[in-house]
Amino acid sequence: MLVAGIMRFTDHHPAINRQHGELLEPKPDLRELAPNLIDGKPYPWNPGARVWRILVAPKPGCAQECVALSHELDTVWQLFGKDADQVDLLWLGEPPAGAARPVSLRVLGPAPRLRERLPRLDDPAGTPVYVVDPNGFVILRYAPGFQPGGLRTDLSRLLKLM
């Protein structure tokens, strides 16, 4: 109680971080950049469907790291259970051989303008992952090497809000 009292009267408060990913401000707006699937069909944001997206935009030549990332994201997606149909996994460019291909995977064609809007995409540590809301705003960024459980927790909370 003494420590709590000292912290209160000296105005020291522990930092509260409610999400595991980095909350982006301002939120990059992808609404007018509706991408196309690899087969050329459009992938509309369609906010009425209330589908959240996990977006991966790896660098060309990403092989083993991307295969491991795809399997982690597949596991995260499977753990959503009944809410799994509310989450799409968007992969910008063709996934490498051996990558997991869950039914929620949507492979997007080249989209240089979309890539430009993703903050700190060219991280030298590896491939970041983003969460895109149903409207097309990028709201969270996960740095390379993130814990998949944190992504699952954050997205589970967001799904409950809808």
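The values are calculated or read from the model by the stated rules, or taken from the named source; none is laboratory data. None of these values were measured; they are calculated from a predicted model. Cβ coordinates were reconstructed from backbone atoms using ideal geometry, including for glycine residues, and neighbour counts include every protein chain displayed. Ligands, DNA and RNA are stripped out before the accessible areas are found, and what is left, the full protein with its side chains, is counted by its heavy atoms. Shrake-Rupley method; radii C 1.70, N 1.55, O 1.52, S 1.80 Å.
A few points about this structure:
- Pairs linking a residue in region 18-36 that is over 17 Å from residue 93 (Cβ atoms) and acidic (Asp, Glu) to a residue that is open to solvent by 40 Å² or more (accessible area, probe 1.4 Å) and not in a loop (DSSP other than H, G, I, E, B), with Cβ atoms under 6 Å and 6 or more positions apart or on different chains, are 29/137.
- Qualifying residue in region 37-46 (condition: among the polar types (S, T, N, Q), touching a Leu at 6+ places or on another chain (Cβ under 7 Å) and touching a residue at least 60 places away in the same chain (Cβ under 8 Å)): no
- Qualifying positions in region 128-139 - in a strand (DSSP E or B), in contact with a helix residue (DSSP H, G or I) (Cβ under 9 Å, 6 or more places away or on another chain) and either open to solvent by less than 10 Å² (accessible area, probe 1.4 Å) or closer than 19 Å to residue 66 by Cα (or both): 129, 131, 138
- Filtered by the rule that a residue be loosely packed, with under 13 Cβ neighbours inside 10 Å and part of a loop (DSSP other than H, G, I, E, B), region 19-37 gives 25, 26.
- Note on region 70-80: residues that are open to solvent by less than 50 Å² (accessible area, probe 1.4 Å) and more than 14 Å from the chain's Cα centre (by Cα) amount to 1.
- Condition met for residue 101 (closer than 28 Å to residue 32 by Cα, basic (Lys, Arg), at pLDDT below 95 and part of a helix (DSSP H, G or I)): no
- Within region 112-127, the residues that satisfy the criterion of being part of a loop (DSSP other than H, G, I, E, B) and either at pLDDT below 90 or open to solvent by 90 Å² or more (accessible area, probe 1.4 Å) (or both) are 120, 122, 123, 124, 125, 126.
- Single residue of 61, 40, 48 found to be open to solvent by 20 Å² or more (accessible area, probe 1.4 Å) and either part of a helix (DSSP H, G or I) or at pLDDT 95 or above (or both): 48
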